[in-house]
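Have a look at the structure below, then the notes.
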Amino acid sequence: MAWSHVRRPRRWTRRIPGGFCALLGVLVISGTPLVAAGSSIYESVPLGPLAPSGDPPPVVVADQFVGVKFHVARPVRTGSIGGYFATYAPGVEADIIGAIVRLDGPHDFPDSFDLSTSDVLGKTLIHIIEPAGDYAGDLALTLTEGWYALVFSATGVQDRHNAIMPRMDTDIEYPLYFFGRVIDPSTPEWFACFDGGGLDGVRMFVVTDPAPPAPKPPIISPDPGLGRLGHSFGVGNLVVSGFDPSQASPSAPER
């Protein structure tokens with residue numbers, strides 16, 4: 001029988017490389033709070049101030065996906081899924097994949113790293129721009145009673161395929177975070193899933209309404225650099241953007 005994935009008690013996710021944590025402070029500065037649409041079906045962390053210090057934020061990259069497990073008590077209809085993301089590199093817009101996976105229970109994991117197996121109920125593309133904030137993609141599914149996983153994975157190996165997940169200051173109860181890691185890059189179907197992994201404070205959510213489009217604020221500066229920044233707000237699915245940077249000071253990362 002081909003081996004696909006293993007279950008182990010606890011390991012640690014890959015974290016953001018050095019230098020990017022300082023960038024997150026810049027990303028939060030230009031955020032304008034918006035109102036998230038729809039009713040919440042699940043969220044791992046409330047939207048609020050970023051964690052002041054501590055572990056550096058996890059990353060969604062080619063050899064690692066991140067996720068959280070949640071339970072549905074009665075049938076619900078989803079509209080979109082998302083999380084609090086930042087671009088992986090300055091000025092590089094990114095696209096990642098979000099998915100909902102059916103689980104056999106709270107100790108189960110997705111059956112595939114590339115999210116290609118039948119337990120994956122649906123996938124969506126999430127476009128991430130600056131500043132850091134809640135980004136989402138449309139995903140309409142009917143979920144019956146049972147356990148599910150909300151998973152975010154990279155679309156490739158370049159910066160435009162990856163994302164950072166800055167941490168919020170608090171969790172809601174005890175989210176069942178997990179992550180998947182490719183063990184052999186030449187054989188992507190060989191991967192391992194681990195519970196925990198230092199994902200505390202990572203925000204992921206499922207809501208009932210489709211993701212609202214990003215706002216298109218006017219360009220107010222003739223400076224070419226600022227002009228490009230203003231124009232970039234016209235794409236992506238921005239639900240709620242970053243908070244006041246005075247409430248957040250991400251820590252210096254360590255490998």
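The values are calculated or read from the model by the stated rules, or taken from the named source; none is laboratory data. Treat the numbers as computed from the prediction; the structure is a model and nothing was measured. Cβ coordinates were reconstructed from backbone atoms using ideal geometry, including for glycine residues, and neighbour counts include every protein chain displayed.
With respect to residue 146, is the statement that it is modelled with pLDDT of 95 or more and on the phi > 0 side of the Ramachandran plot true?
Details: modelled with pLDDT of 95 or more: yes; on the phi > 0 side of the Ramachandran plot: yes.
So residue 146 passes the test.
Does the stretch 125-139 hold any residues that are surrounded by fewer than 21 Cβ atoms within 10 Å (Cβ to Cβ) and within 15 Å of residue 79 (Cα to Cα), and which are they?
The answer is 125, 138.
Just the residues that are farther than 19 Å from residue 195 by Cα and either assigned to a helix (DSSP H, G or I) or among the aromatic types (Phe, Trp, Tyr) (or both), please, taken from the stretch 145-172.
Scanning the stretch 145-172 gives 159, 160, 161.
Might you check whether a residue that is crowded, with 23+ Cβ neighbours inside 10 Å and in contact with a helix residue (DSSP H, G or I) (Cβ under 7 Å, 6 or more places away or on another chain) occurs anywhere in the stretch 140-160?
There is no residue in the stretch 140-160 that is crowded, with 23+ Cβ neighbours inside 10 Å and in contact with a helix residue (DSSP H, G or I) (Cβ under 7 Å, 6 or more places away or on another chain).
Do we have residue 119 as over 15 Å from residue 43 (Cα atoms), free of Cβ contacts under 8 Å to residues at least 40 places away in the same chain and out of contact with any helix residue (DSSP H, G or I) (no Cβ under 6 Å at 6 or more places or on another chain) here? Can you show your working first?
Values: over 15 Å from residue 43 (Cα atoms): yes; free of Cβ contacts under 8 Å to residues at least 40 places away in the same chain: yes; out of contact with any helix residue (DSSP H, G or I) (no Cβ under 6 Å at 6 or more places or on another chain): yes.
So residue 119 passes the test.
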